[in-house]
Amino acid sequence: MLDRMAAGRIPAKHHIVARDEDGALLHEEAHTRNGFDGPYTLMYHRHEPHRHTAWRLSERYGWSRAERAPDETERPLLRRHFKSFELPQTDRAPIEARTPIVFNNDIVVTILRPGASDPVYFANGDGDDLYFVQKGGGTLRSVLGDLEFTEKDYIYVPRALKHRFVLPEDTEQYWLHFEIRNELFVPKQWRTPVGQLRMDAPYCHRDFTRPTFRGYLDEGLRTVVMKREDRFTEFDFAHTPLDVVGWDGAAYPFLFPILNFQPRAGLVHLPPDWHGTFAFKGGIVCSFVPRVVDFHEEAIPCPYPHEAVHCDEILFYSEGNFVSRRGISSGSVSFHPAGVMHGPHPGAYEASIGHRRTDELAVMMDTFAPLHVTRQARELEDEDYHASWCP
């Protein structure tokens, strides 16, 4: 959560009578987090937001749940590479165009290649959503307003918020997606005691884009799909779900362009935590952006070999020159499990000496709970990756 914002028509206090310009009573909705102890947003609807005209298990919308690939527990523990760039562009909407790659109880990582706008509104009751737009762009439309996004944007959507993606025609879309099963937040080390971003944080409040509220909107859509425990349920309404005339609070979607991240440089190589952009219980999301590298006269800029014995690591390579790896392309997803030593490919460590800049762009996710590889990811796997470190 960033800060509180307010938009549209709201009453002077919480939980009191609120009326529209014609005097009709508005219906307050409390969108709360962590029960009633966390950040929240209050919305004011023209209609009762909890009345449905029909409900059913969805037979059309949704995606295959993340399931561990067969025989995974019988395979050796190896460094792995998944070629997500081989996934074809689809004509499906984002709500049904996802391919799960890895998962655990805290997070599910998927790749999306959507090719159409969502024909329904979606509310993910299983967690917060964080997208990284590798290619494409469009509009995230929610009950709280619109967000126009483009390539290299992060898009954050709070748990259970009604929204849909509106995509332009004939535009290639290619997104990385993290479904955070508990809560996504800005790392605590970047905040002051009152919640403001610190002056030495790698970003400031101005770097984030908040939704533009457009008020009541009827797109002719009447269905909301709710996801909970990987079960998709459709709810029909007699009116538009986008009937909010005002709201205030701290739970709302936002955009963060990855290139707004302010990278750090040190005398010698800094650990990945310095690139921490978002965090969740059990893990962290880091942004590696073009930057000046270490400035000690004998510094070795290339990452040192390491075995993070408590963390599994996923790295999505966006673009640039990945000097520490061979056989990696834009859209590659590497998976380095805890306890398995990994580091630069042979020759890259010494070759990096004397470099002063890097132009790599990548998104990394570390998680303490072990990650499981899906059956869909196995179909994209580069089986020679682990052996690429051998003579």
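The values are calculated or read from the model by the stated rules, or taken from the named source; none is laboratory data. This structure is a prediction, so every number in the text was calculated from the model and none was measured. Using ideal geometry, Cβ is built from the backbone for each residue, glycine included, and neighbour counts are taken over all protein chains shown.
Below is a table of values for the structure above.
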{"item": "Residue within segment 3-19 that is touching a residue at least 60 places away in the same chain (Cβ under 8 Å) and under 17 Å from VAL224 (Cβ atoms) present", "result": "no"}
{"item": "Those residues of segment 71-87 which are modelled with pLDDT of 90 or more and either assigned to a helix (DSSP H, G or I) or among the basic types (Lys, Arg) (or both), in sequence order", "result": "ARG79, ARG80, LYS83, SER84, PHE85, GLU86"}
{"item": "Where a residue in segment 29-41 is outside the structural domain of PRO158 (by TED's automatic domain parsing) and its partner, wherever it lies, is among the aliphatic types (A, V, I, L, M) and modelled with pLDDT of 90 or more, with Cβ under 6 Å and at least six apart", "result": "GLU29/MET43; ALA30/LEU42; HIS31/ALA251; ARG33/ALA251; PRO39/ALA250; PRO39/ALA251; TYR40/ALA251; THR41/ALA251"}
{"item": "Among the residues listed as PHE256, PHE295, PHE278, the single one being surrounded by fewer than 19 Cβ atoms within 10 Å (Cβ to Cβ) and hydrophobic (A, V, I, L, M, F, W, C)", "result": "PHE295"}
{"item": "Qualifying residue in segment 106-117 (condition: surrounded by fewer than 22 Cβ atoms within 10 Å (Cβ to Cβ), outside any loop (DSSP other than H, G, I, E, B) and at pLDDT 95 or above)", "result": "no"}
{"item": "Candidates GLU179, GLU219 - the one that is farther than 30 Å from LEU315 by Cβ and of a type in the set (D, E, K, R)", "result": "GLU219"}
{"item": "First in segment 162-181 and in the same structural domain as ALA97 (by TED's automatic domain parsing), second anywhere and basic (Lys, Arg) and surrounded by fewer than 19 Cβ atoms within 10 Å (Cβ to Cβ), Cβ under 7 Å, 6 or more apart", "result": "GLU172/LYS135; GLN173/LYS135; TYR174/LYS135"}
{"item": "Cβ pairs under 6 Å, 6+ apart, first in segment 131-156 and of a type in the set (D, E, K, R) and assigned to a strand (DSSP E or B), second at pLDDT 95 or above and crowded, with 22+ Cβ neighbours inside 10 Å", "result": "ARG141/ARG164; ASP153/VAL133"}
{"item": "Residue count, segment 252-306 (criterion: assigned to a loop (DSSP other than H, G, I, E, B) and within 19 Å of MET199 (Cα to Cα))", "result": "6"}
{"item": "GLU59 vs. criteria acidic (Asp, Glu), in the same structural domain as ASP230 (by TED's automatic domain parsing) and under 19 Å from ILE314 (Cα atoms)", "result": "no"}
{"item": "Hits in segment 63-91 (condition: surrounded by 15 or more Cβ atoms within 10 Å (Cβ to Cβ) and touching a Pro at 6+ places or on another chain (Cβ under 6 Å))", "result": "ALA66"}
{"item": "Count of segment 25-70 residues which are in a strand (DSSP E or B), under 23 Å from the mean Cα position of the chain (by Cα) and not polar (S, T, N, Q)", "result": "3"}
{"item": "Residue that is nearest to PRO211 (Cα to Cα) [pool: residues in segment 20-47 that are modelled with pLDDT under 95 and of a type in the set (D, E, K, R)]", "result": "ARG33"}
{"item": "Top-ranked residue of segment 289-320 - restricted to ones that are of a type in the set (Phe, Trp, Tyr) and in contact with a Leu (Cβ under 7 Å, 6 or more places away or on another chain), ranked as nearest to LEU77 (Cα to Cα)", "result": "PHE316"}
{"item": "Tally of residues being crowded, with 18+ Cβ neighbours inside 10 Å, over 20 Å from GLY35 (Cβ atoms) and not acidic (Asp, Glu) across segment 168-184", "result": "6"}
{"item": "Residue ID - nearest to TYR154 (Cα to Cα), chosen from residues in segment 235-289 that are over 24 Å from the mean Cα position of the chain (by Cα) and among the charged types (D, E, K, R)", "result": "ASP243"}
